[in-house]
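Trainee: Quick one: the structure is below, and I'll ask about it shortly.
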Amino acid sequence: MTEVRTLRADTLGRYLVEPARMPGAEANLLVGFHGYGQSAEHLLQDLRRIPGAEAWTLVSVQALHRFYSRPTQEVVGSWMTSLDREQAIEDNLAYVGRVVEALRVEGHRGRLVFAGFSQGAAMAWRAAGRASTQGEPCHGLLVLGGDLPRDVAELPALDLPPTLIGRGETDTFYPVPQLERDLAALRARGLQAEVARFEGGHEWAPGFLTAAGRFLAGLRD
């Protein structure tokens, strides 16, 4: 009979840091997670497009599970698969925690906002949810084109920060029924979220970038 055994193995994490371009704003952190088949470089380009992004130190975290994109042969990543999913979630959260800790040690002790796109949206939800249960101040959550994971919705003590959910009107990866289920799950926990519906699909479209800029500006005030 075949036995399935697991053990811990160290791997190298990678993240990009772009200091705030607005004087005196270096302490504020916007920490983002890219989508499936993307890289930290892809997400950083989108974070830069948010109006007012210069008032934040931009951090783009690379998923640990890397592979080559077939069309371009560039190195991209995935946050997890269904195999050993629960352990992968814990590994990813520990990884994100170390990234934030390293940034805090460097002196970035201002406001912390997590942002995620597509598969990375689940990581943003989880990072904010973990922060709420472990006492790490988290001041905002920005998610685009990705649903609320059940493991976050069912946390015993869930207290999320101000949240912006983005959905493109033609986004088939994040359909309207899923958005409504997510909002209902939040309401059941006594939580609310702002929703930005915009023209476009599964993308960082101009309508969402504008909403994200307003949202972040409100968190800085």
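The values are calculated or read from the model by the stated rules, or taken from the named source; none is laboratory data. The shown structure was predicted, so the numbers you read here are calculated from the model rather than taken from an experiment. Note that each Cβ is placed from the backbone with ideal geometry, even for glycine, and that neighbours are counted across all protein chains shown. With ligands, DNA and RNA removed, areas are computed over all heavy atoms of the protein, side chains included. Shrake-Rupley method; radii C 1.70, N 1.55, O 1.52, S 1.80 Å.
Trainee: Nearest 500 deg cm²/dmol is fine: what mean residue ellipticity at 222 nm does the chain get from its DSSP H runs of n ≥ 4 alone, each adding -39,500 (n - 2.57), divided by its residue count?
Mentor: -11000 deg cm²/dmol
Trainee: Ignoring ligands, DNA and RNA, what percent of the 1.4 Å accessible area of the chain is carbon and sulfur?
Mentor: Result for the chain: 51 percent of the exposed heavy-atom area is carbon or sulfur.
Trainee: Quick one: among Glu194, Glu54, Glu106, which has the greatest mean-square fluctuation in a GNM of the chain with alpha-carbon springs under 10 angstrom?
Mentor: Looking only at Glu194, Glu54, Glu106, the largest GNM fluctuation is found for Glu106.
Trainee: Please report, for the Cα atoms of the range 16-127, the Rg to one decimal and the Dmax as a whole number; what are they, in angstrom?
Mentor: Cα-based Rg and Dmax for the range 16-127 come out at 14.1, 45 Å.
Trainee: Give me the one-decimal nm value for the distance between modelled label points at Met22 and Val75, 7 Å along each residue's Cα-to-Cβ direction.
Mentor: About 3.4 nm, to one decimal.
Trainee: Right, something else. If you bin every alpha carbon distance in the range 116-207 into 5 Å steps from zero, what whole percent lands in each bin?
Mentor: It works out to 3, 15, 27, 27, 16, 8, 3, 0, in whole percents.
Trainee: I'd like to check one number: the per residue accessible area of the chain, probe 1.4 Å, reported in Å² as a whole number.
Mentor: 51 Å²
Trainee: Specify the inter-centroid distance of the range 12-65 and the range 192-216, based on alpha-carbon positions, in whole Å.
Mentor: Rounded to whole Å, the Cα centres lie 17 Å apart.
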